[in-house]
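Notes to accompany the following structure.
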Amino acid sequence: MTFLAQLCATLAEWLHQPEPHDSDWSAETWQTFQFASRVHGVAPLLYSKLANTPWLPETQKIWLAEQYQLNSQRLAKMHTELKAILALFSGQQVAVMPLKGSILSTAYYAQAALRPMADLDLLIRPEDFSQAAQLLGQLGYEQEVTHWKHTEFSRPDNRQVVSTTGEHPDNPRKLEVHLHCRENFGGPLVELTELMWRKALPGSLLGEPALLPQPDVLWLHLLVHATYHQWQGKGRLLHLVDLTLLLPHLSDPLPLLSSIEARFTYPGLVLLKKYFPNSLDNSLLTSQQKRVWPSFRRWAESRDLVNTSHLNPKPAGLYLLKALHFTEGRPREVAQALRFALLPSLEEIALDHSRLARSKAPWLAYFLLPLDWARRVTGR
């Protein structure tokens, strides 16, 4: 295990052990600790676990306290914004379901400040989008980018990055409106939208009416989401913490796991078991292990918190090859992966070039941007 992999494993241990063990690290290693904690989104959580440990250097206690306070202020603003959106949508009878951090920070974490959030994620029905956009306009939001995954909204006075040293409360707090709950693995698509709506539970969030995702379905979505980000090289330890936090609330996740291809969940389960060994029942992992190809299993089991994250010092390799690997050789999905990389749809072009996607000849214009086209194929 490399030095960086061992450091990340230590972060995970500190988060799940009752008494975090001492680490006699050098000043340089503690600097790496700060960087890794921010990349993996767990600095506020580590503050809650390490603030009172006698062996933690005072400089690190101060740094963790700062990270916690910044995120506390940020989440207070985001929850105020979320409450206003839920109240307005409820008053106009527009169904809305909070996703990811929007539901986790409000309903599952003991303190909202422990769970960093880049943006608010909301699921609405496609037929409600025009009305939802109009309502968001009343709250000062303007539509920015629309692509295959979601539509981004922001406020004009909250578009500039204020600080890159932590979860600053005034850094952009975007709103992502989803018409679908899905992930695209370079062609193969995992669609959970119908399941999310069918299993939704009426309830309240921040004192306002909202439809809440049923815990088993929420967990499945987060698991697919975690696998997607690991595959993209954007995985975070925070994703695994989210999954462990939901486990006590589940009834029986196996039927839902069995309803989709195991390759979309197995890598996430492997990392969950690797870093939080006592949280996951072995039978759950074993049941999914049998449903993936041996080569895919070996690849998934070679993943860690370094080679699945922004900490990875090595190039991720050709994006197209990664996509083809994930297809497990299925002819139809191989064709999808090739199309995704070589001939993107308008919605996919809009992910990086919203104006170009609305031009008269978007595909021609896109292929006149050789660096962008190459980046799509290589993933760099």
For this session: Considering every residue within region 196-212, establish whether at least one is touching a helix residue (DSSP H, G or I) at 6+ places or on another chain (Cβ under 8 Å), farther than 22 Å from ALA87 by Cα and of a type outside the set (Lys, Arg).
Result: no
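Residues in region 214-231: is at least one among the acidic types (Asp, Glu) and over 16 Å from SER105 (Cβ atoms)? Outline the logic, then answer.
Step one: list which residues in region 214-231 are among the acidic types (Asp, Glu), which gives 216.
Now narrow it down to the ones that are over 16 Å from SER105 (Cβ atoms): 216.
Within region 214-231, one or more residues are among the acidic types (Asp, Glu) and over 16 Å from SER105 (Cβ atoms).
Output the number of residues of region 140-154 satisfying the condition of being part of a loop (DSSP other than H, G, I, E, B) and either without any contact (Cβ under 8 Å) to a residue 60 or more places away in the chain or not aromatic (Phe, Trp, Tyr) (or both). Before the answer, list the steps.
Within region 140-154, the subset part of a loop (DSSP other than H, G, I, E, B) is 140-141, 147-150.
Of the ones still in play, those that are also either without any contact (Cβ under 8 Å) to a residue 60 or more places away in the chain or not aromatic (Phe, Trp, Tyr) (or both) are 140-141, 147, 149-150.
Looking only at that region, the number is 5.
Here is a yes/no grid of residues against (1) over 18 Å from PRO172 (Cα atoms); (2) touching a Cys at 6+ places or on another chain (Cβ under 7 Å); (3) touching a residue at least 60 places away in the same chain (Cβ under 8 Å); (4) surrounded by 14 or more Cβ atoms within 10 Å (Cβ to Cβ):
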site	(1), (2), (3), (4)
LEU45	yes, no, yes, yes
ALA51	yes, no, no, no
ARG74	no, no, yes, yes
GLN92	yes, no, no, no
LEU114	yes, no, yes, yes
LEU135	yes, no, no, yes
GLN138	yes, no, no, no
For this session: From the list PRO215, PRO188, pick out the single residue that is buried (at least 21 other Cβ atoms within 10 Å of the Cβ), in contact with a helix residue (DSSP H, G or I) (Cβ under 6 Å, 6 or more places away or on another chain) and on the phi < 0 side of the Ramachandran plot.
Result: PRO188
Exercise. In region 1-22, what residues are surrounded by fewer than 15 Cβ atoms within 10 Å (Cβ to Cβ) and in a loop (DSSP other than H, G, I, E, B)?
Worked result: MET1, THR2, GLN17, PRO18, GLU19, HIS21, ASP22
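Condition check ((1) in a loop (DSSP other than H, G, I, E, B); (2) more than 28 Å from LEU247 (Cβ to Cβ)) across all residues:
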| residue | (1), (2) |
| --- | --- |
| ARG38 | no, no |
| ASN52 | yes, no |
| THR59 | no, yes |
| ALA132 | no, yes |
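To keep it simple, each residue is scored yes or no on (1) farther than 30 Å from LEU342 by Cβ; (2) without any contact (Cβ under 8 Å) to a residue 60 or more places away in the chain; (3) part of a loop (DSSP other than H, G, I, E, B); (4) not assigned by TED's automatic domain parsing to the domain that holds LEU99.
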site: PRO156; (1), (2), (3), (4): yes, yes, yes, no
site: VAL177; (1), (2), (3), (4): no, yes, no, no
site: TRP197; (1), (2), (3), (4): yes, no, no, no
site: PRO209; (1), (2), (3), (4): yes, no, no, no
site: LEU222; (1), (2), (3), (4): yes, no, no, yes
site: TYR228; (1), (2), (3), (4): no, yes, no, yes
Problem set entry | Checking THR80 against (1) in contact (Cβ under 8 Å) with a residue 12 or more places away in the chain; (2) assigned to a helix (DSSP H, G or I), the condition it does not meet | (1)
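Would region 55-63 turn up any residue that is under 19 Å from GLU176 (Cα atoms) and among the basic types (Lys, Arg)? If you could, list the steps in order and put the result at the bottom.
Filtering region 55-63 down to residues under 19 Å from GLU176 (Cα atoms) leaves none.
No, every residue in region 55-63 fails to be under 19 Å from GLU176 (Cα atoms) and among the basic types (Lys, Arg).
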Problem set entry | Among (1) closer than 25 Å to ASP304 by Cβ; (2) in contact with a Lys or Arg (Cβ under 8 Å, 6 or more places away or on another chain) - the single one ALA51 does not satisfy | (1)
Exercise. So which of LEU247, LEU237, LEU269 ends up being surrounded by 15 or more Cβ atoms within 10 Å (Cβ to Cβ), at pLDDT 90 or above and touching a Cys at 6+ places or on another chain (Cβ under 8 Å)?
Worked result: LEU237
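Yes or no: SER204 hydroxyl-bearing (Ser, Thr, Tyr) and at pLDDT below 95?
no
The values are calculated or read from the model by the stated rules, or taken from the named source; none is laboratory data. Since the structure is predicted, the reported quantities are computational estimates derived from the model, not experimental observations. Every residue, glycine as well, gets a Cβ built from its backbone with ideal geometry; the counts of neighbours run over all protein chains shown.
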